[in-house]
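Student: Following this message is one structure expressed as structure tokens.
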Amino acid sequence: MSKKMRAAVVEEFGQGLVLQDVDIPTPGPGQILVKTEACGVCHTDLHAARGDWPLKPTPPFIPGHEGIGIVVALGTGVTAVKEGDRVGVPWLYSACGHCEHCLAAWETVCGEAEFGGYTKNGGFAEYILADPNYVAHIPAGLSATEAAPLICAGITTYKGIKETGARPGEWIVISGVGGLGHLGVQYAKALGLHVCAVDIDDSKLTHATQLGADATVNVKHPGAVEAVIKVTGGGAHGVLITAPSLTAFNQGIAMVRKRGTCVLVGLPPGEFPTPLFDVVANCITIRGSFVGTRQDMAEALAFAAEGKVKADIELQPLSAINHVFERLEQGDVPSRVVIDFSN
């Protein structure tokens, strides 16, 4: 094979990604090499490239944590996958495997976790090094481009819904019907929940109805919270907030019923003022949820393989990555963009 690969590299925070020919990595002991077929683009990639978060990656690095491809080389000692397998290299790149969190199958909060496209080079490249113990196993019948958004946006919403504790037949509010929320509506329906989708965009709410939402409310309108409480018969049992908006966070707390759970997966900037009286008096749970475990990943992909969940995707070449980032920043990406390496 050629010794070089094309990659989009962050050389400096806040600057455009640089398309470069870099060395194809060689898998060491316990590593695998994946030939990239597709890689989804996530808002987290934009945060990574700008150095927005307290724990920053170290430039130069290659973003991308929704990489899907074929295993083409194995390091010594690898038994979890074989050459020719289709795998995904997700946000949770690896974990220690032996801390209290890993032992409890909560590897997502391991203190030694590594993150794809952040602390480890990711999928905006023609090849990716990966840890075979933490890759996603893509079911037969699910294409690389279909699977890419599911190993981040899909698992994040699926796990978030589970974390609300809402049971089949109960009501869940999906706040924000964008790249995450449109998948959340589908996962919630697949889990047997009644879904009320809320957003500020009527076209997204129409799409939510097409995806199976039982009710929709435009939260720009006065009385929106009261409308949600009415349609859900006293407030939702669970609320999943995918929108990166402090207003959405405040509304979400108000939409949950007594003893309900509000799960936060969106990451707006700033502090979140919590209405403490309401939370205490109504026994409300507010819970953060961070991607999902390997078991959550298998379940989230299985729903898609069964045809119950499908991401809206738009294909772009790697050469368009900076334009895609500009559109993400302007909120001009209605679906999930997937970088297609097949050409």
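The values are calculated or read from the model by the stated rules, or taken from the named source; none is laboratory data. What you see is a predicted model; the values in this text were computed from it and never measured. Positions of Cβ are generated from backbone atoms using ideal geometry, with glycine treated the same way; all protein chains shown enter the neighbour counts.
Student: Among the listed residues Gly154, Gly169, which satisfies the condition of being out of contact with any helix residue (DSSP H, G or I) (no Cβ under 7 Å at 6 or more places or on another chain), farther than 25 Å from Asn250 by Cβ and in contact (Cβ under 8 Å) with a residue 12 or more places away in the chain? First the steps, then the outcome.
Tutor: Values: Gly154 fails: out of contact with any helix residue (DSSP H, G or I) (no Cβ under 7 Å at 6 or more places or on another chain).
Going through Gly154, Gly169 in turn, the sole match is Gly169.
Student: Only residues that are within 19 Å of Val219 (Cα to Cα), touching a helix residue (DSSP H, G or I) at 6+ places or on another chain (Cβ under 7 Å) and not in a loop (DSSP other than H, G, I, E, B): list them for segment 254-275, please.
Tutor: Passing the criteria: Ala254, Met255, Cys262, Val263, Leu264.
Student: How many residues does segment 263-275 contain that are under 20 Å from the mean Cα position of the chain (by Cα) and either more than 23 Å from Cys42 (Cα to Cα) or small (Gly, Ala, Ser) (or both)? Lay out the reasoning, then the answer.
Tutor: Filtering segment 263-275 for residues under 20 Å from the mean Cα position of the chain (by Cα) gives 263-269.
Subsequent filtering for residues that are either more than 23 Å from Cys42 (Cα to Cα) or small (Gly, Ala, Ser) (or both) retains 266.
The number of residues fulfilling the criteria is 1.
Student: Sticking with this structure for a sec: Could you give every pair whose Cβ atoms fall below 6 Å, whose first residue belongs to segment 237-253 and is at pLDDT 95 or above, and whose second residue is surrounded by fewer than 21 Cβ atoms within 10 Å (Cβ to Cβ) and among the hydroxyl-bearing types (Ser, Thr, Tyr), counting only separations of at least 6 or pairs across chains?
Tutor: Between residues of segment 237-253 that are at pLDDT 95 or above and residues that are surrounded by fewer than 21 Cβ atoms within 10 Å (Cβ to Cβ) and among the hydroxyl-bearing types (Ser, Thr, Tyr), the close pairs are Gly238/Thr261.
Student: Can you pull out every residue in segment 286-302 that is among the β-branched types (Val, Ile, Thr) and in contact (Cβ under 8 Å) with a residue 60 or more places away in the chain? Talk me through it step by step, then tell me what you get.
Tutor: Here is the first cut: in segment 286-302, the ones among the β-branched types (Val, Ile, Thr) are 286, 291, 293.
Result: Val291, Thr293.
Student: Can I ask one more? In segment 80-95, how many residues are free of Cβ contacts under 8 Å to residues at least 24 places away in the same chain and polar (S, T, N, Q)?
Tutor: Residues of segment 80-95 that are free of Cβ contacts under 8 Å to residues at least 24 places away in the same chain, as a first pass: 82-84.
Right, trim to polar (S, T, N, Q) and you get none.
So the answer is 0.
Student: Quick check on my filter: what residues within segment 301-330 are at pLDDT 95 or above and assigned to a loop (DSSP other than H, G, I, E, B)?
Tutor: Selection gives Glu306, Gly307, Lys308, Val309, Lys310, Ala311, Asp312, Pro317.
Student: Mind listing whichever residues of segment 221-253 are part of a helix (DSSP H, G or I) and farther than 17 Å from Ile161 by Cα? Walk me through it before giving the result.
Tutor: Going residue by residue through segment 221-253, those that are part of a helix (DSSP H, G or I) are 224-231, 246-253.
Within segment 221-253, Ala224, Val225, Glu226, Ala227, Val228, Ile229, Lys230, Val231, Leu246, Thr247, Asn250, Gln251 qualify.
Student: Can you name the residue in segment 287-343 that is over 20 Å from Val265 (Cα atoms) and acidic (Asp, Glu) and, of all such residues, is surrounded by the most Cβ atoms within 10 Å (Cβ to Cβ)?
Tutor: Here the residue is Asp340.
Student: Still on this model: Which of the residues that make up segment 157-177 are assigned to a strand (DSSP E or B) and farther than 13 Å from Lys189 by Cβ?
Tutor: Val173, Ser175
Student: Among the residues of segment 62-79, count how many are buried (at least 19 other Cβ atoms within 10 Å of the Cβ) and either in contact with a helix residue (DSSP H, G or I) (Cβ under 9 Å, 6 or more places away or on another chain) or not assigned by TED's automatic domain parsing to the domain that holds Glu11 (or both).
Tutor: Looking only at that region, the number is 7.
Student: Further question on the same structure: Looking only at segment 256-283, which residues are surrounded by fewer than 21 Cβ atoms within 10 Å (Cβ to Cβ) and touching a Lys or Arg at 6+ places or on another chain (Cβ under 8 Å)?
Tutor: Step one: filter segment 256-283 for residues surrounded by fewer than 21 Cβ atoms within 10 Å (Cβ to Cβ), giving 257-259, 261, 267-283.
Passing the criteria: Thr261, Asn282, Cys283.
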